[in-house]
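Taking it in order: structure first as C-alpha cells, then the write-up.
The values are calculated or read from the model by the stated rules, or taken from the named source; none is laboratory data. All values derive from a computational prediction rather than experimental measurement. Glycine gets a Cβ as well: all are built from the backbone with ideal geometry, and neighbour counts include every protein chain shown.
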Amino acid sequence: MFVEDLNVPDVVKRIVLDSGVSELYPPQIEAVKTGFLEGENLVLCIPTASGKTLVAELAMAKRIIEGGGKALYLVPLRALASEKYEEFQKWERAGFKVGITSSDFDSSDAWLEGYDIIVGTNEKLDSLLRHRVRWLSDVSLVVADEVHLINDGSRGPTLEVILSKLRRINKNAQFLALSATVANADEVAGWLGAKLVVSDWRPVVLKEGVYEDGFIEFGRGESMMIPNLTGEDIIDLAADTVKGGGQALVFSTSRRSAVSAAKKLYTHIKSLLPKKEISRLSDVSEEILSVGERTRISELLAKLASGGVAFHHAGLNYNHRRLVEESFRGNLLKVITATPTLAAGVNLPARRVIIQGYRRYDTKMGFLEEIPVLEYKQQAGRAGRPKYDKLGEAVLLSSSEEEKEFLMERYVLGEPERIRSKLASEPALRTHVLATIATNYARTEKGLYDFIRGTFYGYQYDPESVSGILDRILSFLFEEGFLVEEGGKLKATNFGKRVSELYIDPLSAKIIKDGLMGAPEDLVGKEVGFLHLVSATPDMPKLGWRRRDEEFVLSFVDQHEEEFLHEPPDIGSIDYEFFMLQVKVAMLLYSWIEEYSEDQIISAFKIGSGDILRIGETGKWLLYSTEEIAKLLKSSKAKKIIRELTLRVTHGIKKELVKLVSIPGIGRIRARALYNSGYKSLKSLQKAKIEDLIKVPMIGKEIAKKIKETTGGKEVTIESSKPEDLEYKGSSMSQRSVKQAKLPHFSDKNSKKTRKKENDQRKRRKRS
C-alpha cells in the first residue's frame with residue numbers, strides 16, 4: 001500500500017511523502033485495515049523502527065483536520081517528549097500548532113488551549129488532570145507511547161490512571177497504544193476497547209544470539225566467528241562491528257561497568273578510525289568540555305569521545321547525554337556503553353547490540369537478580385539501523401557452554417513476561433485515591449471502586465481485592481486532614497486539594513506539615529533543617545550508602561545539630577538508618593547552595609552531574625510545596641525563609657547572591673563574578689557604568705545592558721519561589737571561583753566535641 005492510496009487529506013500525504021516515506025510497511029498496512037484512520041481504537045505492538053510513530057501521526061493529522069479537537073501524545077520521559085516534539089514540527093506545515101508540556105506540576109498550562117498536537121509526559125498529564133484543565137475536554141485522540149510501562153512499579157500506575165481518567169472525560173476520543181513488546185497485548189486491547197495489531201516484522205532483520213569463546217550462536221541455528229583481536233569479548237565484538245562499517249551499543253547493568261567498558265574500548269576503537277573522523281571527533285570532545293562545569297566525568301567523556309567511544313547513563317547531565325546521542329546518530333561516535341535506561345528512552349539504533357550482563361543488584365532485596373525477558377527484548381530491539389543496515393544483531397555474552405544454553409533458552413528463544421498492573425501498591429494508590437476524590441472523579445467509597453474497575457487493574461483483577469489497602473489509605477487521609485465526610489460524600493479539605501495539585505505524595509505532605517508545626521519559633525539559621533525536612537519525604541530520591549559515609553554524616557549532624565527541626569533518632573533505633581540516608585541527601589543540597597563545585601560534589605558523594613541536577617530539581621519542587629503548605633498553616637516566618645532557600649537551591653548560590661540572580665541572564669557564575677568584583681547589591685549595579693560592568697568576567701555588553709535595564713528603576717524583589725518561574729542557569733561555575741579543598745563537613749574531625757560525640761555513639765553501638 002502506498003501513501004498516495006491512503007484515505008487522508010492531501011496535505012497529510014504531501015508531508016509524509018516529503019519525509020521520505022512513499023510506501024507503508026506490512027504492520028502499518030495491517031493497522032490501516034483495522035480502521036484506525038476511521039476512528040477505531042488500536043493497540044499496535046510491533047518492533048522498534050517498524051513504523052509505530054507514523055501510524056500515530058496519520059491518525060493525529062486526519063483526526064484534527066476532519067474532526068477537530070486536539071491530539072495528545074503521551075511519553076514516559078522528558079527526553080522522549082523533546083524527541084517527539086522535534087519530530088512533529090513538520091506538521092506545522094499543515095497549519096497545526098505543536099506544543100510540549102513536561103514540567104511545572106502546579107500549572108494548568110492554559111496557553112496550550114490554542115495548540116493542536118500536544119506532547120506530554122505521563123506525570124505532567126496526571127498533574128493537568130488534577131488541575132481540571134479545561135482544554136483536556138477538547139482532546140479527540142490520545143496516543144500512549146511505550147504502553148508496556150504499565151508494568152513498571154514506579155511509572156506504571158500513573159499511566160494507567162491517566163488513561164482511565166481520559167477515557168471518562170473524553171468518551172468519544174480515539175485511543176492508540178504503542179509498544180514494541182507486550183506479551184498480553186490482547187488484554188491491553190480488551191481494556192481499551194481496541195483493535196489489535198501484533199507483528200514481529202522489521203525493516204531490518206534482527207538476529208539474536210549468544211557469544212561464547214569466539215563464536216556467536218544465533219537462535220536460528222546459524223553461527224558466526226568473531227576475530228580474536230584482544231581476548232576481551234566486548235572489545236572483539238565492538239571492533240568487529242566498527243571494522244565492518246557499523247556502530248555498536250553495549251548495555252551494562254551498572255554505571256560503573258558502563259564506564260569501565262568504555263575505557264577498555266577507547267584505544268582499540270580509535271585505532272580503527274581514519275584521521276578525518278578523528279578530527280571531527282575532536283570537535284565533539286571540545287563541545288562536551290564547553291557545556292556546563294568542567295568535571296572529572298566530563299573530562300573522561302570528552303577524552304573517550306575523541307576516540308569514537310562514549311558512555312551514557314542517568315548520571316550525565318542532560319546536555320552531555322544529548323550530545324552523545326546526536327553524535328551517535330550522526331555516525332561520529334562508533335560505540336556507546338549504556339545502562340538499560342537508554343533502551344527505555346530515546347531511539348538510538350545500532351548495527352550490533354551487545355548485552356554485557358543479564359544480572360543486576362537489587363538494592364531493596366540485597367542480591368543479584370536476572371533481568372526480565374521484557375527488558376532484554378527492549379535492548380535487543382535497538383539492533384539494526386533502518387536505511388543503513390540489512391540486518392541487526394543482538395548478542396548476549398556467555399562465559400561457558402552451560403551458561404550459553406541457559407541464555408539461549410531464557411532470553412533468545414524466550415517470550416517476554418505478561419505485563420501486570422502495579423496500581424495496587426499502597427504508595428501509588430495513596431496519591432491517586434486523594435487525587436481522584438479531590439478532582440471529583442469519585443465522591444463515595446463505591447465511586448472509588450467504580451473508578452478502580454475502569455483501570456487496567458480492574459480489568460485484570462477484582463477491584464474488591466484492594467479493599468484492605470484502600471481502607472488503610474482512607475483512614476490515613478481522614479486522620480491527617482486530607483479528607484472529610486459531608487452528607488455521606490467524600491470531600492477533600494483545602495489541605496488535601498492543595499497537596500493533590502502540588503503533585504506530591506500525601507505522606508510527603510504529612511511529613512512537611514508535621515515538621516512545620518513542630519518547628520521552633522525562631523527559624524533563622526534553620527536552612528539545614530528545611531533541607532533535611534524535604535529530604536525525609538518519599539518523593540526525594542535517596543543516595544547509595546557506603547561504609548565510610550557514617551562518620552561523614554555524623555560529623556555533619558554534629559556541626560548542624562541546632563538547625564534540625566526535630567531531635568535526631570537514637571542510634572540503633574528503627575528510624576536511625578532512614579535518618580542517615582535523609583541527611584546524606586540534605587548534605588548534597590547544602591553543598592550545592594554553599595557553592596561547592598560539581599566536581600567536589602561528584603567526588604564526595606560518588607554520583608554524577610545528572611544526579612545533582614535531579615536531586616536539585618526535586619529539592620526545588622519540594623521546597624516550593626513546603627512554602628505552599630506553610631501558607632495554608634499561616635506560617636509567614638517559615639514562608640519567607642523557605643522562599644529564599646528555594647532560590648538558593650534553584651541557582652546553587654550562597655545567601656549573599658540571592659538579589660543578584662533576580663536579574664534576567666544572571667545565574668550562579670555571573671552573580672559570583674559580579675559579587676567578587678564589588679557589585680554586591682542591586683543598588684551598586686544601578687550606579688555602575690556599562691563600561692565598568694563589561695570589565696567583569698563573563699559580563700558582556702548585552703548582559704551589561706540587561707543589568708542596567710533591570711536595575712534602572714526600583715529594586716527587583718523576590719515575588720515567587722516557584723521553581724519553573726525561575727530561570728535555572730545550570731550548575732556551571734567558573735573554575736577560578738570554586739574552592740578546591742575537600743567539603744568541610746567531610747573532613748572536620750578536629751573538634752573535641754565531634755570526637756567525644758562520635759566516641760559516645762560508638763560505645764552505644766557496641767552496647768546495642
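Brief remarks on what is shown
- SER103 being part of a strand (DSSP E or B) and either touching a strand residue (DSSP E or B) at 6+ places or on another chain (Cβ under 7 Å) or at negative phi (or both): no
- The listed residue being part of a helix (DSSP H, G or I), free of Cβ contacts under 8 Å to residues at least 40 places away in the same chain and out of contact with any Lys or Arg (no Cβ under 6 Å at 6 or more places or on another chain), out of GLU577, GLU567, GLU551, GLU562: GLU577
- Residue tally, condition under 34 Å from the mean Cα position of the chain (by Cα) and polar (S, T, N, Q), over the stretch 1-53: 6
- Residues in the stretch 446-456 that are of a type outside the set (S, T, N, Q) and touching a helix residue (DSSP H, G or I) at 6+ places or on another chain (Cβ under 7 Å): LEU448, TYR449, PHE451, ILE452, ARG453, GLY454, PHE456.
- Count of the stretch 77-108 residues which are more than 23 Å from ARG63 (Cβ to Cβ) and either in contact (Cβ under 8 Å) with a residue 40 or more places away in the chain or over 19 Å from the mean Cα position of the chain (by Cα) (or both): 9
- Only one of the numbered conditions (1) at pLDDT 95 or above; (2) assigned to a loop (DSSP other than H, G, I, E, B); (3) in contact with a His (Cβ under 6 Å, 6 or more places away or on another chain) is violated by SER108, and that is (1).
- All conditions in (1) out of contact with any Phe, Trp or Tyr (no Cβ under 7 Å at 6 or more places or on another chain); (2) of a type outside the set (Ser, Thr, Tyr); (3) at pLDDT 95 or above hold for ARG78, with the sole exception of (3).
- Candidate set: the stretch 617-638, residues that are part of a helix (DSSP H, G or I) and free of Cβ contacts under 8 Å to residues at least 40 places away in the same chain; chosen: the one nearest to the chain's Cα centre (by Cα): LYS631
- Restricting the stretch 81-105 to residues that are touching a Gly at 6+ places or on another chain (Cβ under 9 Å) and under 24 Å from ILE504 (Cβ atoms), the residue that is modelled with the lowest pLDDT: SER102
Results for (1) touching a residue at least 12 places away in the same chain (Cβ under 8 Å); (2) touching a Ser or Thr at 6+ places or on another chain (Cβ under 7 Å); (3) in a loop (DSSP other than H, G, I, E, B); (4) not basic (Lys, Arg), shown as yes or no for each residue.
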site: ALA239; (1), (2), (3), (4): yes, no, no, yes
site: THR253; (1), (2), (3), (4): yes, no, yes, yes
site: THR267; (1), (2), (3), (4): yes, no, no, yes
site: GLU293; (1), (2), (3), (4): yes, yes, yes, yes
site: ASN319; (1), (2), (3), (4): yes, no, no, yes
site: GLU325; (1), (2), (3), (4): yes, no, no, yes
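- Filter result for LEU333 (within 23 Å of the chain's Cα centre (by Cα), assigned by TED's automatic domain parsing to the domain that holds VAL395 and closer than 23 Å to LEU80 by Cβ): no
- Residue-level analysis places GLY315 outside the set of residues that are in contact with a Leu (Cβ under 7 Å, 6 or more places away or on another chain) and at pLDDT below 95.
- Filtered residue count, the stretch 541-557, keeping only those that are over 15 Å from GLU577 (Cα atoms) and surrounded by fewer than 19 Cβ atoms within 10 Å (Cβ to Cβ): 1
- Looking only at the stretch 237-266, and only at residues there that are farther than 19 Å from GLN379 by Cα and either outside the structural domain of SER398 (by TED's automatic domain parsing) or in contact with a helix residue (DSSP H, G or I) (Cβ under 9 Å, 6 or more places away or on another chain) (or both), the one that is surrounded by the fewest Cβ atoms within 10 Å (Cβ to Cβ): LYS263
- Residue ID - farthest from TYR388 (Cα to Cα), chosen from residues in the stretch 218-233 that are aliphatic (A, V, I, L, M) and assigned to a loop (DSSP other than H, G, I, E, B): LEU229
- Residues in the stretch 199-217 that are among the aromatic types (Phe, Trp, Tyr) and either out of contact with any helix residue (DSSP H, G or I) (no Cβ under 6 Å at 6 or more places or on another chain) or part of a strand (DSSP E or B) (or both) were compared, and the one that is farthest from LEU413 (Cα to Cα) is PHE215.
- Flag not set for GLY231, criterion: under 35 Å from the mean Cα position of the chain (by Cα) and either at pLDDT below 95 or not charged (D, E, K, R) (or both).
- Among the candidates LEU178, LEU196, residue that is closer than 27 Å to TRP135 by Cα, modelled with pLDDT of 95 or more and not in a helix (DSSP H, G or I): LEU178
- The stretch 295-312, residues that are assigned to a helix (DSSP H, G or I), under 19 Å from ILE607 (Cα atoms) and out of contact with any strand residue (DSSP E or B) (no Cβ under 7 Å at 6 or more places or on another chain): ARG296, ILE297, SER298, GLU299, LEU300, ALA302
- Within the stretch 383-400, being of a type outside the set (D, E, K, R) and in a loop (DSSP other than H, G, I, E, B) holds for GLY384, PRO386, TYR388, SER398, SER399, SER400.
- Looking across GLU40, GLU66, GLU4, one residue alone is among the charged types (D, E, K, R) and over 21 Å from LYS195 (Cβ atoms). It is GLU4.
- Test: residue in the stretch 288-305 that is modelled with pLDDT of 95 or more and among the basic types (Lys, Arg): yes
- Close Cβ contacts (under 9 Å, 6 or more residues apart or on different chains) running from residues in the stretch 433-445 that are assigned by TED's automatic domain parsing to the domain that holds GLY487 to residues that are among the aromatic types (Phe, Trp, Tyr) and part of a loop (DSSP other than H, G, I, E, B) comprise LEU434/PHE482; ALA435/TYR441; ALA435/TYR503; ILE437/PHE482; ALA438/PHE482.
- Condition check for ASP539: in a loop (DSSP other than H, G, I, E, B), closer than 30 Å to LYS584 by Cβ, charged (D, E, K, R) and in contact with a Leu (Cβ under 7 Å, 6 or more places away or on another chain): yes
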